[in-house]
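Chemist: One structure follows; several queries about it will come next.
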Amino acid sequence: QVELVESGGGLVQAGGSLRLSCAASGRTFSNYAMGWFRRAPGKEREFVAGISWRGTNKYYADSVKGRFTISRDNAKNTVYLWMNSLKPEDTAVYYCAADQGGLGSAEGVYEYWGQGTQVTVSS
């Protein structure tokens, strides 16, 4: 079992920045690829970014490429999502997820999920 707790969400103006954190506990964090997903109001949950267990491979949705950066610190059992140049359409609940099988963008491959943190971008 892996427990995931997100933090760092909040209200920010368009063009601003936020850093989300996801703290993991339970099984060995470094065994898992990690992903960030988001669900905007009235929409399906979508993949945002993913990072391999060692941090060497990263993958981004086209909508955030060049603005968001995913990173991890295995010594701290934490994965981060650095969000820059935020837009109102980035408003969503952001979730982190853990996948023992490897880096992927499909929601179904992730076994463990956090409760989410709200990000609101005002125009």
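Chemist: With label points built 7 Å along Cα→Cβ from the Cα atoms of GLU107 and LYS87, find their separation and express it in nm.
Modeler: 2.1
Chemist: From largest accessible area down, sort TRP36, TRP82, TRP113; use a 1.4 Å probe on the protein chains. Write down the numbers at each step before the final one.
Modeler: Details: TRP36 0, TRP82 105, TRP113 65 Å².
Listed by decreasing accessible area, they come as TRP82, TRP113, TRP36.
Chemist: Please provide three numbers in whole Å: the alpha-carbon extents of the stretch 1-95 along the principal axes, with the largest listed first.
Modeler: 36, 23, 22
Chemist: Taking the alpha-carbon set of the stretch 81-123, what are its Rg and Dmax in Å?
Modeler: Values for the stretch 81-123 (Cα only, Rg and Dmax): 12.7, 39 Å.
Chemist: Sort GLU44, GLU6, GLU111, GLU89 by heavy-atom solvent-accessible area, probe 1.4 angstrom, most to least. Don't skip to the end; give the middle numbers.
Modeler: Details: GLU44 155, GLU6 20, GLU111 90, GLU89 125 Å².
Order by accessible area, largest first: GLU44, GLU89, GLU111, GLU6.
Chemist: If you take the beta carbon distance between LEU11 and ASP73 as r and set R0 to 25 Å, what does 1/(1 + (r/R0)^6) give as a FRET efficiency, to the nearest 0.05? Walk me through the intermediate numbers first.
Modeler: On the way: r = 26 Å, r/R0 = 1.05.
Efficiency, rounded to the nearest 0.05: 0.45.
Chemist: Let me ask something else about it. Which of the aspartates and glutamates could a cross-linker span from LYS58 if the Cα-Cα distance has to be under 18 Å and same-chain partners fewer than 8 positions apart are dropped?
Modeler: The qualifying aspartates and glutamates are GLU46, ASP73, ASP99, GLU107.
Chemist: Continuing with the same structure: How about LYS65: which lysines have a C-alpha closer than 22 Å to its C-alpha, ignoring those fewer than 8 places off in the same chain?
Modeler: LYS43, LYS87
Chemist: Oh, and also: Considering the convex hull of the alpha carbon atoms of the stretch 45-123, report its projected area averaged over all viewing directions, in nm², one decimal.
Modeler: Values: hull surface 21.5 nm².
Averaged projected hull area, Cα only: 5.4 nm².
The values are calculated or read from the model by the stated rules, or taken from the named source; none is laboratory data. These numbers were taken from a predicted model, which means no experiment stands behind them. So basically every Cβ, Gly included, is an ideal-geometry build from the backbone, and we count neighbours across all protein chains shown. Please note that ligands, DNA and RNA were not included when accessible areas were found on the heavy atoms of the full protein model with its side chains. Shrake-Rupley method; radii C 1.70, N 1.55, O 1.52, S 1.80 Å.
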